[in-house]
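Coordinate-derived values only; no laboratory data. No experiment lies behind these values; they were computed from the predicted model shown. Note that each Cβ is placed from the backbone with ideal geometry, even for glycine, and that neighbours are counted across all protein chains shown.
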């Protein structure tokens, strides 16, 4: 996976619990084309062949377990917004840009007053 803050590739383990039921219809029965049958207030996929393609089931199960925001670690510092350096590897060499005087008052916002 790729960290959404610093763009570093990292491994992540996913655990997925699967449970799926199928209804097998033998070839001699009248409705042996693939339809959904209602069994105990649920619809079960019908199998008319001897093989089951579970690829769609696996894809759906794994994608539903992917986190919306992937982080390499909780304390990831991300990238410098000026030079793009990875701040997890150390501070960048960027100089602080002078603040536009029209926005100087905003630099005090969020700081504790003395």
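Observations
- Annotation: peptides 59-66, 73-80, ranked by per-residue average of other Cβ atoms within 10 Å with the highest first, follow the order 73-80, 59-66.
- For residue 96 and residue 12, the FRET efficiency from 1/(1 + (r/R0)^6), where r spans their Cβ atoms and R0 equals 30 Å, is about 0.30.
- With a simple spin-label model that places each label point 7 Å from the Cα along the Cα-to-Cβ direction, the separation between residue 71 and residue 56 comes to 3.7 nm.
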